[in-house]
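The values are calculated or read from the model by the stated rules, or taken from the named source; none is laboratory data. The shown structure was predicted, so the numbers you read here are calculated from the model rather than taken from an experiment. With ideal geometry, Cβ positions are generated from the backbone for all residues, glycine too; neighbour counts draw on all protein chains shown. Keep in mind that these areas ignore ligands, DNA and RNA; they rest on the heavy atoms of the full protein, side chains included. Shrake-Rupley method; radii C 1.70, N 1.55, O 1.52, S 1.80 Å.
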Amino acid sequence: VITIMVNSGASVAHAMTKIPVIGAIAEIVTFREYKNVNNNMEADVKIPQVSVKDESGSVLEESTQKINKSIEEYTDEIIAQYESDVKAADGEGHMDVKLDYTVITNSDRLFSIRFDQLLVMASGTQMVKIYHIDKSTGEMMDLSGLFQDGADFAKPISDNIKEQMKAQMDSDENLVYWVDSDTPEWDFKTVTSDTTFYINENGKLVIVFDEYEVAPGYMGSVEFEIPTEVVKDIVQDGFLE
């Protein structure tokens, strides 16, 4: 079942020649909803479509196509895996796949769409995917895009996360992270440009890890807010407070 609905968007800035243009917008103009029920196997996947425009209202085709292509590839992979599992189970399996999205950041500098996926089989697994548009360029960006060219952002962020992990475990014996453990090959080492992140409502950088990525499954998806003073000397203007 495919459902097309109109959804409201949010403002974003763009530069056609890498020069910031005040007043341009990006908005979620529609979304598709893939729904399927096959006995005890069910999927509900919401797929937004983004439109990026300049201040005159003209669609910026390259930026629009790039982010929508990335979103489509990501959601198509989830749907294809579900349909493959349904076929392999011959209708006798148990599975629930849900994917929803929110505009998680809409600041003067950044526009971010977050996808939360829940996969329930014998147990549940949480996964997070976030797409970002830098409003000063209109381009998609990863974690490295927050920082000055050539800056070593990975070490200070990773060191702070390790400190937070240890402090949380010291204060609560029920919390477990893979850091300085008896199985060092499992231990969290470092963030990279591809590490999932967002900027929260307080203007703070938050690093997100999927279930099982840095901790046992019962911890679920975990997040770490990074104090701005940790990266204040290397972050670009306008991203953090």
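Tell me, what is the per residue accessible area of the chain in Å², probe radius 1.4 Å? Don't jump to the answer; show the numbers that get you there.
Values: 12750 Å² over 241 residues.
Using a 1.4 Å probe on heavy atoms only, each residue of the chain averages 53 Å².
Give the accessible area for Lys155 in Å² (nearest 10); use a 1.4 Å probe, count only protein heavy atoms, and leave out ligands, DNA and RNA.
120
When every alpha-carbon pair in segment 136-211 is counted, what percent end up more than 15 Å apart?
64
Residue by residue through segment 79-93, which ³J(HN,Hα) values in whole Hz follow from phi under the Karplus form 6.51 cos²θ - 1.76 cosθ + 1.60 (θ = phi - 60°), with glycine and proline marked x?
In residue order, the calculated couplings are 5, 4, 5, 4, 5, 5, 5, 4, 5, 5, 7, 6, x, 9, x Hz.
Starting from 0.36 nm per residue, how many nanometres of slack lie between Glu201 and Gln168 once their C-alpha separation is accounted for?
On the way: separation 33, 0.36 × 33 = 11.88 nm, distance 2.28 nm.
Separation in residues times 0.36 nm, less the Cα-Cα distance, equals 9.6 nm.
What list of ³J(HN,Hα) values in whole Hz, one per residue of segment 168-181 in order, does the Karplus curve 6.51 cos²θ - 1.76 cosθ + 1.60 (θ = phi - 60°) give from phi, with Gly and Pro shown as x?
Per-residue couplings from phi come out as 5, 5, 5, 8, 8, 5, 7, 9, 9, 10, 8, 8, 6, 8 Hz.
When the accessible area of segment 34-132 is split by element with a 1.4 Å probe, what percent falls to carbon and sulfur?
Accessible surface attributable to carbon and sulfur in segment 34-132 totals 45 percent.
Pairs Lys69/Lys162; Lys129/Lys204; Lys129/Lys232: which exceed 23 Å Cα-Cα? Numbers along the way, then the final one.
Details: Lys69/Lys162 35 Å; Lys129/Lys204 18 Å; Lys129/Lys232 25 Å.
Lys69/Lys162; Lys129/Lys232, as the Cα separations exceed 23 Å there.
Using a Förster radius of 51 Å, what is the FRET efficiency between Gln81 and Asp233 based on their Cβ-Cβ separation? Nearest 0.05, please. Walk me through the numbers before you get to the answer.
On the way: r = 42 Å, r/R0 = 0.83.
After rounding, the FRET efficiency stands at 0.75.
Is the C-alpha gyration tensor of segment 70-165 telling us rounded, prolate or oblate? Criteria: a/c under 1.5 is rounded; beyond that, a/b larger than b/c is prolate, otherwise oblate.
Prolate, because a/c is 1.5 or more and a/b exceeds b/c.
Rule-of-thumb check for segment 175-232: C-alpha Rg over 2.2 N^0.38 Å? If you can, show how the numbers build up before the last one.
Details: Rg = 12.5 Å, N = 58, 2.2 N^0.38 = 10.3 Å.
Against the empirical 2.2 N^0.38 Å value, I get 1.21 for segment 175-232.
Within 10 Å of each candidate Cβ there may be at most 16 other Cβ atoms; applying that plus a DSSP loop requirement, which GluC sites (Glu not before Pro) in segment 87-166 survive? Write out the running numbers ahead of the final one.
Working: sites: Glu92, Glu139, Glu163; in loops: Glu92.
Filter output for segment 87-166: Glu92.
Over the alpha-carbon set of the chain, divide Rg by the Kirkwood Rh and report the Rg/Rh ratio to two decimals. Spell out each step's value before the answer.
Working: Rg = 19.7 Å, Rh = 19.6 Å.
Radius of gyration over Kirkwood radius for the chain works out to 1.00.
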